[in-house]
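Undergrad: First the structure, then my questions, so here it is.
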Amino acid sequence: MNPLPQRAREVGGQVAARHADAVDRDARFPAEAFAALADARLLGAMVPRDFGGEGATLADIAAVCHELAQHCPSTGMIYAMHQIQVACLVQHGQQSAWHRTLLERLAAEQLLLASATTEAGIGGDVRSSSCAVEASGGRFRLEKNASVISYGEAADGILVTARRTPDSPASDQVIVAVLKDDCRLEPTIGWDTLGMRGTCSMGYRLTAEAGTEQILPLPYADISARTMLPATHILWASMWLGIATDAVGRARAFVRSEARKKPGSTPPGALRLAEATTLLNQMRAGIVGAVRQYEEALDDADRLTSMGFAVAMNTLKVGAAQTLVRIVEQALLVCGLNGYRNDSEYSVARHLRDAHSAPLMISNDRILGNTANLLLVHKDTMGLFG
Amino acid sequence: MRATAWTALGNEAAEEAVSMDTTIREILADSGWLAVDVATLSVEDDLYAAGLTSHGSVNLMLALEERFDIEFPEQLLRRRTFESIAAIREAVSSLRAGIAGA
């Protein structure tokens, strides 16, 4: 098999790119891209070799997200969200027989996983649940009014958060893997949005009945801090970098075509292109730094659950989301009306619409508020290289 | 003689632990960060299962720093340090011992 980034480039350039406009226009799941990703065995790549996967690292997967998002951001985002669930199973499911079998199936059947972490009435705080696991005789029942389950209908399984028992406080959560046959989804809210239209992030009332062995053994608080939080922020930021990279690429192509028309004079947009490139490099450096911090902390639960690590991942997300919007705005100014048009080869209209989702997905304001709270006690003791 | 001295020291340490547990319980009871009555918890019970959130744990830390005149170093700012009354006591004791020895 070819290396991961090469396979991602092929799927992105040859399949995802071809259907990106239709996916955006019709707000539909990028089915062609995901069939191609499964064929290229990119969905189960992070599963360890012992379970039939390739043992790809989070950095490998981040590179795939970056590649896919340059062609179809909805494909990149769905891929990122799927891999966040896979990462949780790889890191925290290997001690449990049921989840080991699921890991094998992820690799063999290239299953697609979604997540149901947000809940109506909770206000976007994924570290609180109102619904609870109701267990009896080795089986459990769970009913969740999930305000968002992205690509829920296309997924083969969903990782759902809930209170550990009906008597548990809102913050004492578990996460449980339910398969398509274990659950019923009734749509409650549609998905007709400005951008990221292909993620089909609709609301559902989810009802699941399954075996208690499907509950991941570690508390969700730990899974969240050690894996879900860093994987989310790293993969989302990498995917956003893909959008920014393509927008800057279009701005560069525009400036170059202007320069060719009048050799000897630098086009006015060239300076802004240089500014956008500066931001792009800052964004990339932030992601590379965060990936390095994650890899250094990976085998050390204490480091992963430390405040310093949470602050680092939070600031990665907020910074990457803000920078993405600024980069695409700069690219639009460079390309002018050609960038504003939907039908020009220099169009960054979809980039702009997609980019504006970044500060809203786990609201930057919520994350800044959380970080501000941590800074009341956190001390920055890091040297230049960690 | 030696045995007696050890026993005496042991009692003193045990008394200090009990008094510190009481203070920690007072802070937890006053704060409203837990979803259950702190009196129902043993020193080993998981405070996160009792409703302590990460937001609550930051405020708990600030209250402990104020009450015991200590400052938690970065390496102690992690989930496990505040997971039970016993874990908090251990962290606070080690910091106070450090201060005394300085």
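The values are calculated or read from the model by the stated rules, or taken from the named source; none is laboratory data. None of these values were measured; they are calculated from a predicted model. Cβ: placed from backbone, ideal geometry, glycine included. Neighbour counts: every protein chain shown.
Undergrad: Is it the case, given these coordinates, that residue A:239 is touching a Gly at 6+ places or on another chain (Cβ under 6 Å) and either closer than 15 Å to residue A:386 by Cβ or part of a helix (DSSP H, G or I) (or both)?
TA: yes
Table: residues versus (1) in contact with a Ser or Thr (Cβ under 8 Å, 6 or more places away or on another chain); (2) more than 21 Å from residue A:222 (Cα to Cα).
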{"position": "B:38", "(1), (2)": "no, yes"}
{"position": "B:42", "(1), (2)": "no, yes"}
{"position": "B:52", "(1), (2)": "yes, no"}
{"position": "B:60", "(1), (2)": "yes, no"}
{"position": "B:65", "(1), (2)": "no, yes"}
{"position": "B:79", "(1), (2)": "yes, no"}
{"position": "B:84", "(1), (2)": "no, no"}
{"position": "B:88", "(1), (2)": "yes, no"}
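Undergrad: Okay, next question. With the condition kept exactly as written, say whether any residue in the range A:286-308 is away from every other protein chain (no Cβ under 14 Å), of a type in the set (S, T, N, Q) and closer than 21 Å to residue A:94 by Cβ.
TA: no
This table checks each residue for (1) within 25 Å of residue A:142 (Cα to Cα); (2) crowded, with 22+ Cβ neighbours inside 10 Å.
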| site | (1), (2) |
| --- | --- |
| A:186 | yes, no |
| A:191 | yes, no |
| A:202 | yes, no |
| A:205 | yes, no |
| A:209 | yes, no |
| A:222 | yes, no |
| A:235 | no, yes |
| A:242 | no, yes |
| A:246 | no, no |
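Undergrad: Among the numbered conditions (1) in a helix (DSSP H, G or I); (2) surrounded by 15 or more Cβ atoms within 10 Å (Cβ to Cβ); (3) out of contact with any Phe, Trp or Tyr (no Cβ under 6 Å at 6 or more places or on another chain), tell me where residue B:98 comes up short.
TA: Looking at each condition in turn, residue B:98 falls short on (2).
Undergrad: Only one of (1) among the hydroxyl-bearing types (Ser, Thr, Tyr); (2) within 24 Å of residue A:174 (Cβ to Cβ); (3) part of a helix (DSSP H, G or I) fails for residue B:42. Which number is that?
TA: Among (1) among the hydroxyl-bearing types (Ser, Thr, Tyr); (2) within 24 Å of residue A:174 (Cβ to Cβ); (3) part of a helix (DSSP H, G or I), the lone unmet condition for residue B:42 is (3).
Undergrad: Which of the residues that make up the range A:356-376 are at the interface with chain B (Cβ under 10 Å from one of its Cβ atoms) and either in contact with a Leu (Cβ under 7 Å, 6 or more places away or on another chain) or closer than 20 Å to residue A:244 by Cβ (or both)?
TA: Within the range A:356-376, just A:376 meets the criteria.
Undergrad: Also: Considering only the range B:39-87, state which residues are among the hydrophobic types (A, V, I, L, M, F, W, C) and either free of Cβ contacts under 8 Å to residues at least 24 places away in the same chain or facing chain A (nearest Cβ under 8 Å) (or both).
TA: Applying the first criterion (among the hydrophobic types (A, V, I, L, M, F, W, C)) to the range B:39-87 yields B:39, B:41, B:43, B:47, B:49-50, B:52, B:58, B:60-64, B:68, B:70, B:72, B:76-77, B:82, B:85-87.
Within the range B:39-87, B:39, B:49, B:50, B:52, B:58, B:61, B:62, B:72, B:76, B:77, B:87 qualify.
Undergrad: Can you find a residue in the range A:156-164 that is part of a loop (DSSP other than H, G, I, E, B) and either within 14 Å of chain B (Cβ to nearest Cβ) or not acidic (Asp, Glu) (or both)?
TA: So in the range A:156-164, the residues part of a loop (DSSP other than H, G, I, E, B) come out as A:156, A:164.
Adding the requirement that they be either within 14 Å of chain B (Cβ to nearest Cβ) or not acidic (Asp, Glu) (or both) leaves A:164.
Scanning the range A:156-164, I find at least one residue that is part of a loop (DSSP other than H, G, I, E, B) and either within 14 Å of chain B (Cβ to nearest Cβ) or not acidic (Asp, Glu) (or both), so the answer is yes.
Undergrad: Tell me which of these residue A:384 doesn't satisfy, since it passes every other one: (1) within 21 Å of residue A:290 (Cβ to Cβ); (2) surrounded by 14 or more Cβ atoms within 10 Å (Cβ to Cβ).
TA: Failing condition for residue A:384: (2).
Undergrad: State all residues of the range A:347-360 that are in contact with a helix residue (DSSP H, G or I) (Cβ under 7 Å, 6 or more places away or on another chain) and closer than 14 Å to residue A:318 by Cβ; if no residue qualifies, say none.
TA: Those that are in contact with a helix residue (DSSP H, G or I) (Cβ under 7 Å, 6 or more places away or on another chain) and closer than 14 Å to residue A:318 by Cβ: A:358, A:359.
Undergrad: Quick check on the range A:263-270. Is at least one of its residues assigned to a helix (DSSP H, G or I) and crowded, with 20+ Cβ neighbours inside 10 Å? Don't jump to the end; show me each part of the working.
TA: Within the range A:263-270, the subset assigned to a helix (DSSP H, G or I) is A:269-270.
Now narrow it down to the ones that are crowded, with 20+ Cβ neighbours inside 10 Å: A:269.
So far as the range A:263-270 goes, yes, one or more of its residues are assigned to a helix (DSSP H, G or I) and crowded, with 20+ Cβ neighbours inside 10 Å.
Yes/no matrix, rows are residues, columns are (1) under 20 Å from the mean Cα position of the chain (by Cα); (2) at pLDDT below 95; (3) in a helix (DSSP H, G or I):
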{"site": "A:323", "(1), (2), (3)": "yes, no, yes"}
{"site": "A:339", "(1), (2), (3)": "no, no, yes"}
{"site": "A:344", "(1), (2), (3)": "no, no, no"}
{"site": "A:347", "(1), (2), (3)": "no, no, no"}
{"site": "A:351", "(1), (2), (3)": "yes, no, yes"}
{"site": "A:357", "(1), (2), (3)": "yes, no, no"}
{"site": "A:385", "(1), (2), (3)": "no, yes, no"}
